[in-house]
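To start, the structure itself, in structure tokens.
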Amino acid sequence: MTSASSSADQPVIVTREGGVATLTLNRPEAMNSLDVATKEALLAAVTEVAEDPAVRCVVLTGTGRAFCVGQDLKEHVGLLEQGAEVLFTTVPEHYNPTVLALATMPKPVIAALNGVAAGAGASLALACDYRIAADSAGINLAFSGIALSCDTGSSWTLQRLVGPAKALELLYEPRTIKADECADLGIVTRVVAGDELAAEVATLAGRLAAGPTLSYAAIRRSVHFAATHDLPSSLDFEARMMTETGGTEDHRNAVDSFVAKQRPTFHAR
């Protein structure tokens, strides 16, 4: 059964089905650009599902023809003319905590790219574990096009997918990278026909939600830790994660099921 915690006129809709929570950016008329209200709603939604133990997998997507084109520049121009302080606080107050929660929550996160992801929208997608893209989607690291630095974690995530040199090229010379090229570069996980996106993501999310989510969380933490630490430190961290997961009920059940030649059932315990 699906339940919605936000009505259809809200900027972010949260739905739950089984162990999967789907966060849908819902400003199709503005290509899901991020005004202050949407950023606040998105941060609240991401925090909510990150902390909910009943949620075992999270999907981030958009309505209409765009995933998210980043900062709402119409609002931005008005605030710039007013000299509004929010222009200088939105990165630490909105973007940073949102992307940190996406990247570190103890459960898998999927970006379902129904259309273009640009600027901070691209950065949000890059923070997810999977990026499943419709064949009409694309990614644009648009920051320098409006004379801004990159934000929302793209300096960290992009180079880990494509390498520092390619990351600088894509950030210095922003363009919409089509879905197939994104796949070739390793920016997206896979590309599917647009009318197959929802089913593809639902199948993947359902499989992950039914899987060993404590194991996934430990693997996610280990990979992130190793990205910024040397081998000895990473080995020590792996040992800690192995000890933690080795003491779980899920591990014991999985071993018993293997011996009995049965399919294991995982309960995140």
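Laboratory data are not the source of any read-out in this text; all were calculated from the coordinates shown. Worth saying up front: this structure is predicted, and the values here are computed from it rather than measured. Here the Cβ is made from the backbone with ideal geometry for all residues, glycine too, and neighbour counts use every protein chain on show.
For the chain, what is the percent of antiparallel DSSP beta bridges, rounded to the nearest 5? If I count the DSSP bridges inside the chain, around 30 percent turn out antiparallel. In terms of overall dimensions, segment 213-259 has a Cα radius of gyration and Dmax of 12.1, 38 angstrom.
I want the local charge near residue 166. Using Cβ-Cβ distances under 12 Å, sum +1 for each Lys or Arg and -1 for each Asp or Glu among the other residues.
Working: positive: 160; negative: 169, 173, 181, 184.
Result for the local shell: -3.
Using a simple spin-label model with pseudo-atoms 7 Å out from Cα toward Cβ, residue 181 and residue 239 lie 4.7 nm apart. Take the Cα radius of gyration of segment 88-232 and divide it by 2.2 N^0.38 Å, N being the number of residues; the result is 1.05.
Over segment 132-223, what is the mean sequence separation of C-alpha contacts under 8 Å (at least six apart), divided by residue count, expressed as relative contact order in percent?
39
Positive contributions from Lys and Arg (+1) and negative ones from Asp and Glu (-1), summed over other residues with Cβ under 10 Å from the Cβ of residue 30, come out at -2.
Against the chain, whose longest principal axis comes from its Cα atoms, helix 73-82 is set at around 60 degrees. Over the chain, dividing the summed -39,500 (n - 2.57) contributions of all DSSP H runs of at least 4 residues by the number of residues returns a 222 nm mean residue ellipticity of -14000 deg cm²/dmol.
Among 127, 137, 183, the largest mean-square fluctuation in a Gaussian network model of the chain (Cα springs under 10 Å) belongs to 183.
Charge tally around residue 108: other residues with Cβ under 11 Å, Lys/Arg +1 each, Asp/Glu -1 each, net +3. In this simple spin-label approximation, residue 261 and residue 47 carry label points 7 Å from Cα along the Cα→Cβ vector, and these lie 5.2 nm apart. The residue 168 and residue 29 beta-carbon pair, evaluated with R₀ = 22 Å, returns a calculated FRET efficiency of approximately 0.05. Bridging of residue 178 to lysines at a Cα separation below 19 Å is possible for 166, once same-chain residues fewer than 8 apart are set aside. Modelled this way, with points 7 Å down the Cα-to-C-beta line, the labels at residue 89 and residue 224 are 2.6 nm from one another.
Applying 0.36 nm per residue to the separation of residue 77 and residue 231 and subtracting their alpha-carbon distance, the gain on full extension is 50.8 nm.
In straight-distance terms, cross-link reach from residue 107 covers every one of the lysines whose alpha-carbon lies under 23 Å from its own, apart from those fewer than eight places away in the same chain; here that gives 39. When Cα extents along the principal axes in Å is computed from the coordinates, the matching label among (i) 68, 40, 38; (ii) 66, 51, 35; (iii) 66, 46, 36 is (iii). The length gained by stretching the chain between residue 65 and residue 100 to full extension, at 0.36 nm per residue less their Cα-Cα distance, is 10.0 nm.
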